[in-house]
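Below is one structure; the comments refer to it alone.
Each reported figure results from applying straightforward, stated rules to the coordinates on display, with no laboratory input. Computed from a predicted structure; not experimentally measured. A quick note on method: Cβ atoms are made from the backbone with ideal geometry, for glycine too, and the neighbour counts reach across all protein chains shown.
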């Protein structure tokens, strides 16, 4: 249990360090700024004018619109959605053949009904196999909202599409627009996972610092294994991350972010920090100096962030079950209040635990080699081949 | 090889040790045996393999071949056991700057597994031993090099090890601090097995029971300092400064029975003698060409220089 001694000393020494406290509170300030930025961004999105999220997506999706009165059609953003005036039968065929993403029908007497203060019927058919459906749905919804806001309730009481499900299509009755889902869920998830990537410098300082300050030799001469040294140091960083995540979550809850299952969310994030610290430890075990380690973690963190975010985005857009490999997906589902089946939690936890074991094992294999510390250090390819047993040392 | 002195049993055995760093062969079939309670000095030029050898004993480096046992434990199978028996002061004993002296010693004490109820008294005792009790709660970054070295030495002693290994413990220190550290190391003799790597021949001469001369990864000579000086390279050196050294036949000097070797350095002859028997006869050979004459007992430094030539 010597790793516990290392963890305790590293952790207490970190908390006593003025430099660390400064960094810690600067990170909290960054979070504060991000919350302000996010709130202002979201406010713009939700405003009548909105902000255009996809400026380069001209004619991104097509919709057949049947709106004889022109009430809605005129207000659909033509830069995003290409509109085809619809003949109902023809449009259904186009929809079936995948030539258009949606069909939107506004009752022919819409203007007349508004004058009579009656509600008007609108119908939206979507090709559910087309991923662009979300964009169409969002745009139609936001156009409807804009029209509804522009008219008084006495002219248009509701935009109330009827249930018109058919084979191959599905009517979207309600739902949060995709950009808002992305922003709300992803922003929150990113904010929650951010501390995991802010403490790489601590791992580097803890391991590479021993090499640069030449204190490593004494540490290796201690009656403890290389694994205990690395795991002890890594665990100290995980504890620090745990404090930071807790503080961030409290701040986010206080400023009004909706977050269900906060304890499960917290545990999942802290658990995820283990392999992140493990990967950073591999880089630190190999790196000769801070500069090398800095370059290494930049690339590694881009890959890790990608691994976390891409499946989470895929989950939002397609509800794909494969997206559950990312702990960020699980966290997102947890704070959204979804009921998560056991197998959907099982896989990310297994990945985290296996990732932790594998990364610390590799880091130990590297760290216990004397040529890494005392030279001549093998190149990355040579080292990898040697670790895989393909090449002899 | 030199004489053996009486010790109980062997503490460290090094058998056919080889270690290379890339193309550089640091140790070349090194064999050495160190007895319990012995203070062995290892001297050698830079790059001789001293630090490599002690790093292997401390299980910091892995040898390419050969074996080392410490108190019967092998470096291949019992690394943790060996590490817990050794107190090691490396050549660059860089310490954690942010720690106070007391905290640093406590940290290493805990890593060595010193019982918690003993650790504080042990720290106080050791700090007093190096006259640093009053600086116990000062941070390491406020200490001079000499004070850091004292802390480094007692850090190596915190777990009361059977074996102590000091790599250049007085390197770069002022004479007064060096004296304190040498006296401290001298005080450990008999109780602990000590390996002392040093460049200072007088230090090895003063402190060590035996001295091993290491060069190019091999032991060239080993024995007590006295033995090395007397039996291997003569006991007297006659230094004669002359006018025109080439006019004197070296063979005439070598013909005297007591002469062991003759070295000429510009206008100065260095004649190694077994005894003083023929000094006046040798001086007669030089006659009026001799400007100055001096006799000198050989030092370990002379032995070292002769050996590594």
Segment residue A:186-residue A:34, length gained on full extension (0.36 nm per residue, minus Cα span): 53.4 nm
Taking 7 Å along the Cα-to-C-beta vector as the label spot, tell me the residue A:288-residue A:251 distance in nanometres, rounded to one decimal. 3.9 nm
Can you give the FRET efficiency for residue B:293 and residue B:183, using 1/(1 + (r/R0)^6), R0 = 45 Å, r = Cβ-Cβ distance, to the nearest 0.05? 0.75
Which of A:361, A:248, A:347 has the fewest Cβ neighbours within 10 Å, and the rest in rising order: A:361, A:347, A:248
Using the eigenvalues of the Cα gyration tensor, what equivalent ellipsoid semi-axes result for the range A:345-392 when each is taken as the square root of five times the eigenvalue, whole Å, largest first? 28, 12, 7
Could you list A:188, B:283 in order of exposure, starting from the residue whose Cβ has the fewest other Cβ atoms within 10 Å? B:283, A:188
Label point distance in nm, residue A:145-residue B:80, each placed 7 Å from Cα along Cα→Cβ: 6.1 nm
How many partner chain Cβ atoms sit within 10 Å of a residue's Cβ in peptide A:224-232, on average, as a whole number? 1
Label-to-label distance, nm, for residues given as residue A:371 and residue A:213 (7 Å Cα→Cβ offset): 2.9 nm
How long are the three semi-axes of the equivalent ellipsoid for chain A, computed from the Cα gyration tensor as the root of 5 times each eigenvalue, in whole Å, largest first? 54, 22, 17
Least to most buried among B:230, B:35, by other C-beta atoms within 10 Å and fewest first, runs B:230, B:35
Only bridges whose two residues both fall in the range B:10-230 count here: according to DSSP, what percent of them are antiparallel, nearest 5? 50 percent
R0 = 51 Å: FRET efficiency of residue B:218 with residue B:116, Cβ-based, nearest 0.05? 0.65
Relative to chain A, whose Cα atoms define the longest principal axis, helix A:200-212 and its Cα axis are tilted in degrees, nearest 10, by 20 degrees
Can you give me the angle between helix B:145-157 and the longest principal axis of chain B, using Cα atoms only, in degrees from 0 to 90, rounded to the nearest 10? 70 degrees
Full extension between residue A:267 and residue A:97 adds, at 0.36 nm per residue less the Cα distance, a length in nm of 56.5 nm
Extension length gain for residue B:264 and residue B:191 (0.36 nm per residue less Cα distance), in nm, is 21.7 nm
Based on the alpha carbon coordinates of chain B, what radius of gyration and maximum Cα-Cα distance (Dmax) apply, in Å? 23.1, 77
Residues residue A:130 and residue B:137, FRET efficiency given R0 of 60 Å [Cβ-Cβ distance, rounded to 0.05]: 0.25
Apply the Kirkwood formula to the range B:162-253: the hydrodynamic radius equals the inverse of the mean of 1/r over all pairs of different alpha-carbon atoms; give it in Å with one decimal. 16.0 Å
Looking at the square roots a ≥ b ≥ c of the eigenvalues of the Cα gyration tensor of the protein assembly as shown, which shape do they give, rounded for a/c under 1.5, prolate if a/b is larger than b/c, or oblate? prolate
Relative to the longest principal Cα axis of chain B, at what angle does helix B:175-187 sit, 0 to 90 degrees, rounded to 10? 70 degrees
